[in-house]
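Asks: Before anything else, here's the structure in question.
The values are calculated or read from the model by the stated rules, or taken from the named source; none is laboratory data. For clarity, every value in this text was computed on a predicted model and none was experimentally measured. Glycine gets a Cβ as well: all are built from the backbone with ideal geometry, and neighbour counts include every protein chain shown. Accessible surface is based on the protein model in full, side chains and every heavy atom, while ligands, DNA and RNA are left aside. Shrake-Rupley method; radii C 1.70, N 1.55, O 1.52, S 1.80 Å.
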Amino acid sequence: MSIRGNRIAAAAAGVALALAVSPVASATTAAACTWQKTTWELPTGAEAGSVTGYDGSRYAVGVTGRKGQFGTIGSPRGTVWDSGRVVLRITGDVPHLRDVNSSGLVVGDTVDDNGFRAITVTRDGSVTTLPGNPTWSGYTASLINNRGDVVGAATTTAGRRVVVWPASAPGTYRELPTPTVSSLFLTDVDEQGRIIAQTDSGSGGGFVWDTDGQYRVVAATGAGGWGTPWAIRDGRVVGSVDSTSAYAAAEWNARGALTRVIRDGALVARAIGGAGTVAGIRFVGSTQRPVLWRSGVVSDALTSVAAGFSVRGVSNDERTLVGTENRVPSHYSCS
């Protein structure tokens, strides 16, 4: 199971206790939207899909394939959507597609005789290999922001290292100081180049790299506390904090300091809109439901959105929620 699945499953398992110890006011304001669902196109022969990257406006990237067991996607193929329409689908196992920006430029990795190589992919499927150090045994690209900065990781003699290919200096790269952990899952990069990542091996659960290129552990709370960052925008980080007795959605600053804890059933914050609205998941009774928060208070309970909709992104204008429902990518639009 992925880091994400482990953390959410652990939090769900402790729901009864957490609800008992997590009282926080959450006055819900009148919802400004009636949310209308649009199911995304799937390629011929595909039954399911998932979204891994979204540019905040029109482009999204993920995988499509057949429905596998336990919610998996069989024979996954990298797929790019433009406003819900498929514009590119990879025919083989590689290249892997990880993220996309507002220019439609996709990042990911491919495999050759020398191992993994980080790449960019255009909408027409043209692949360009990003430069790397010959001493690396492999390297991948996981994230891209709208100005074109690419973030990935390389396997070096000193272990895994976070790597940035800056848009301001094409053809160059730089290695960033990186924590020594057995796993590192890069989750987001903002427009200023700040980076967040998760781990499931000690060190508190997650990290944030500020614009100085230095990483900090995101703060947690309680005994056995663990912080898991999911999204970053303009230096504002959102995710979740878990401990041995409670769970909550959380916010941090760009130095990893905890700035807000959202309880009252809040499980995790997953995305941030252009005006600062946060989307996530909370428990309503014993049911997990999507929700929107403003300043830590529920701003829209999303009653017109299906409980099974898993939010992956909020548009820049905050009128579109992107995610998956019943293993099919879709979005809800504000009307």
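Asks: If I ask for residues that are part of a strand (DSSP E or B) and not aliphatic (A, V, I, L, M), which ones from region 246-266 would you list? Can you show your working first?
Replies: Restricting attention to region 246-266, the residues satisfying the condition of being part of a strand (DSSP E or B) are 247-252, 258-262, 266.
Answer for region 246-266, where residues must be part of a strand (DSSP E or B) and not aliphatic (A, V, I, L, M): TYR247, GLU251, TRP252, THR259, ARG260.
Asks: Check region 66-85 and report whether any residue there is assigned to a strand (DSSP E or B), more than 20 Å from the chain's Cα centre (by Cα) and of a type in the set (A, V, I, L, M, F, W, C).
Replies: Of all residues in region 66-85, those assigned to a strand (DSSP E or B) come to 66-67, 73-82, 85.
Add one more test, that the residue is more than 20 Å from the chain's Cα centre (by Cα), and what stays is 66-67, 74-75, 85.
Those left that are additionally of a type in the set (A, V, I, L, M, F, W, C): none.
Checked region 66-85: no residue is assigned to a strand (DSSP E or B), more than 20 Å from the chain's Cα centre (by Cα) and of a type in the set (A, V, I, L, M, F, W, C).
Asks: Could you list, in sequence order, all residues of region 290-307 that are within 18 Å of the chain's Cα centre (by Cα) and open to solvent by 10 Å² or more (accessible area, probe 1.4 Å)? Even if it seems obvious, please write down each step before you answer.
Replies: Of region 290-307, the ones within 18 Å of the chain's Cα centre (by Cα) are 290-293.
Once the filter is applied, which keeps residues that are within 18 Å of the chain's Cα centre (by Cα) and open to solvent by 10 Å² or more (accessible area, probe 1.4 Å), region 290-307 yields only LEU292.
Asks: Confirm whether VAL298 is assigned to a strand (DSSP E or B) and under 30 Å from TYR215 (Cβ atoms). Before the answer, list the steps.
Replies: Numbers: assigned to a strand (DSSP E or B): yes; under 30 Å from TYR215 (Cβ atoms): no.
In short, no.
Asks: Residues that are open to solvent by less than 40 Å² (accessible area, probe 1.4 Å) and modelled with pLDDT of 95 or more: find the strands (runs of 3 or more DSSP E) completely inside region 178-221 holding 3 or more of those.
Replies: Working: elements: 185-189, 195-198, 206-209, 215-217.
Here the list reads 185-189, 195-198, 206-209.
Asks: Next up: Mind listing just one residue for me: the one in region 222-238 that is closer than 20 Å to SER182 by Cβ and outside any loop (DSSP other than H, G, I, E, B) and, of those, most open to solvent (accessible area, probe 1.4 Å)?
Replies: First, pick out the residues of region 222-238 that are closer than 20 Å to SER182 by Cβ: 224-229.
Adding the requirement that they be outside any loop (DSSP other than H, G, I, E, B) leaves 226-229.
Values: TRP226: 41, GLY227: 0, THR228: 2, PRO229: 0 Å².
Checking each candidate, the answer is TRP226.
Asks: When residues of region 255-272 are filtered for being open to solvent by less than 10 Å² (accessible area, probe 1.4 Å) and over 16 Å from the mean Cα position of the chain (by Cα), how many remain? Can you show your working first?
Replies: Residues of region 255-272 open to solvent by less than 10 Å² (accessible area, probe 1.4 Å): 256, 262, 265-269, 271.
Applying the additional criterion that residues be over 16 Å from the mean Cα position of the chain (by Cα) yields 256, 262, 265-266.
Total meeting the criteria: 4.
Asks: Same structure, new question: Could you tell me which residue of region 94-103 is least open to solvent (accessible area, probe 1.4 Å), considering only residues that are assigned to a loop (DSSP other than H, G, I, E, B) and in contact with a Ser or Thr (Cβ under 7 Å, 6 or more places away or on another chain)? First the steps, then the outcome.
Replies: Let us first name the residues in region 94-103 that are assigned to a loop (DSSP other than H, G, I, E, B), namely 94-95, 101-103.
The next check asks that each one be in contact with a Ser or Thr (Cβ under 7 Å, 6 or more places away or on another chain); those that pass are 94-95, 102.
Working: VAL94: 56, PRO95: 19, SER102: 55 Å².
Per the stated criteria, the residue is PRO95.
Asks: So, SER75, is that one free of Cβ contacts under 8 Å to residues at least 24 places away in the same chain, open to solvent by 60 Å² or more (accessible area, probe 1.4 Å) and out of contact with any Leu (no Cβ under 7 Å at 6 or more places or on another chain) or not? Break it down into steps so the answer makes sense when it comes.
Replies: Values: free of Cβ contacts under 8 Å to residues at least 24 places away in the same chain: yes; open to solvent by 60 Å² or more (accessible area, probe 1.4 Å): yes; out of contact with any Leu (no Cβ under 7 Å at 6 or more places or on another chain): yes.
Here the answer is yes, as SER75 does meet what is asked.
Asks: Return the total of residues in region 111-149 being over 13 Å from PRO166 (Cα atoms), in a loop (DSSP other than H, G, I, E, B), open to solvent by 50 Å² or more (accessible area, probe 1.4 Å) and polar (S, T, N, Q).
Replies: Number of matching residues: 5.
Asks: Considering only region 164-171, I want to know if a residue exists there that is surrounded by 17 or more Cβ atoms within 10 Å (Cβ to Cβ), over 20 Å from the mean Cα position of the chain (by Cα) and farther than 22 Å from VAL61 by Cβ.
Replies: So in region 164-171, the residues surrounded by 17 or more Cβ atoms within 10 Å (Cβ to Cβ) come out as 164-165.
Among the residues that remain, those that are also over 20 Å from the mean Cα position of the chain (by Cα) are: none.
Taking every residue of region 164-171 in turn, none turns out to be surrounded by 17 or more Cβ atoms within 10 Å (Cβ to Cβ), over 20 Å from the mean Cα position of the chain (by Cα) and farther than 22 Å from VAL61 by Cβ.
Asks: Just one of ALA27, ALA31, ALA9, ALA20 is within 27 Å of ASN316 (Cβ to Cβ), exposed (fewer than 13 other Cβ atoms within 10 Å of the Cβ) and modelled with pLDDT under 75; which is it?
Replies: Working: ALA31 fails: exposed (fewer than 13 other Cβ atoms within 10 Å of the Cβ); ALA9 fails: within 27 Å of ASN316 (Cβ to Cβ); ALA20 fails: within 27 Å of ASN316 (Cβ to Cβ).
Sole residue among the options that is within 27 Å of ASN316 (Cβ to Cβ), exposed (fewer than 13 other Cβ atoms within 10 Å of the Cβ) and modelled with pLDDT under 75: ALA27.
Asks: Return yes when TRP252 is open to solvent by less than 10 Å² (accessible area, probe 1.4 Å) and at pLDDT 95 or above and no when it is not. Reasoning before the result, please.
Replies: Values: open to solvent by less than 10 Å² (accessible area, probe 1.4 Å): yes; at pLDDT 95 or above: yes.
Yes, satisfied.
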